[in-house]
Ligand code: ADP
Ligand code: MG
């Protein structure tokens with residue numbers, strides 16, 4: 001297989017199921033950037049991912065806080081921090097530095113970012129990009145996602161997802 005694939009998600013349950021497959025395929029600490037319009041399903045995916053990684057309780061959209069931090073477990077062993085960003089309202093590059101966001105991007109953490117376009121000059125290259133398109137699928141409005149790997153770790157995850165899904 002290549003460095004990307006496309007998958008149709010007919011309803012929210014399918015998005016959550018894909019999120020669980022992604023969680024199962026995360027053997028390394030990846031940076032994952034989510035693209036798509038408001039309401040496309042980015043936060044839904046993060047919620048599914050966090051729950052599949054053992055987070056119990058709410059996942060609130062970090063639209064105002066810009067970032068929410070979680071401590072999770074992959075396959076019930078290795079513990080790590082997952083930082084969920086929503087940069088829709090981000091518009092001040094200096095805030096990036098003063099909030100210390102740069103420090104979150106290292107090999108120890110997972111960062112998942114909605115609206116990475118808003119801080120594109122500040123962000124490192126992602127391991128995976130996931131793009132959501134709202135689309136008619138079999139008579140109802142679903143989502144088509146494209147998952148693209150940009151690094152070796154991203155490619156390994158992509159391959160593992162395609163086995164799981
Ligand atoms: P975003 O974070 O991209 O703005 P949200 O995840 O907050 O979007 O909202 C997405 C909305 O679309 C939710 O109401 C969710 O129930 C719905 N949704 C998620 N995935 C799908 C899907 N595959 N098909 C149809 N609706 C979906
Ligand atoms: Mg959102």
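The values are calculated or read from the model by the stated rules, or taken from the named source; none is laboratory data. All figures in this text were calculated on a predicted structure; none of them were measured in a lab. When we count neighbours, we look across all protein chains shown, and the Cβ atoms used for this are built from the backbone with ideal geometry, even at glycine.
In the range 73-85, is there at least one residue being within 14 Å of ligand 1 (Cβ to nearest atom) and modelled with pLDDT of 95 or more?
Yes, the range 73-85 contains a residue that is within 14 Å of ligand 1 (Cβ to nearest atom) and modelled with pLDDT of 95 or more.
Filter the range 40-68 for residues that are surrounded by fewer than 15 Cβ atoms within 10 Å (Cβ to Cβ) and free of Cβ contacts under 8 Å to residues at least 24 places away in the same chain; which is nearest to ligand 1 (Cβ to nearest atom)?
60
Here's a check for you: in the range 69-117, which residue that is outside any strand (DSSP E or B) and in contact with a helix residue (DSSP H, G or I) (Cβ under 6 Å, 6 or more places away or on another chain) is surrounded by the fewest Cβ atoms within 10 Å (Cβ to Cβ)?
Applying the filter and picking the extreme gives 90.
Looking at the range 16-30, is at least one residue in contact with a helix residue (DSSP H, G or I) (Cβ under 9 Å, 6 or more places away or on another chain), in a strand (DSSP E or B), within 13 Å of ligand 1 (Cβ to nearest atom) and modelled with pLDDT of 95 or more?
The answer is no, given that none of the residues of the range 16-30 is in contact with a helix residue (DSSP H, G or I) (Cβ under 9 Å, 6 or more places away or on another chain), in a strand (DSSP E or B), within 13 Å of ligand 1 (Cβ to nearest atom) and modelled with pLDDT of 95 or more.
Could you please let me know if residue 34 is within 11 Å of ligand 1 (Cβ to nearest atom) and either in a loop (DSSP other than H, G, I, E, B) or under 22 Å from residue 116 (Cα atoms) (or both)?
yes
Can you pull out every residue in the range 51-81 that is on the phi > 0 side of the Ramachandran plot and away from ligand 2 (no atom under 16 Å from the Cβ)?
Correct list: 54, 57, 75, 76.
Of the residues 90, 101, which single one is over 27 Å from residue 7 (Cα atoms) and within 16 Å of ligand 2 (Cβ to nearest atom)?
From the options 90, 101, the qualifying one is 90.
Is it the case, given these coordinates, that residue 126 is touching a residue at least 60 places away in the same chain (Cβ under 8 Å) and over 22 Å from residue 11 (Cα atoms)?
yes
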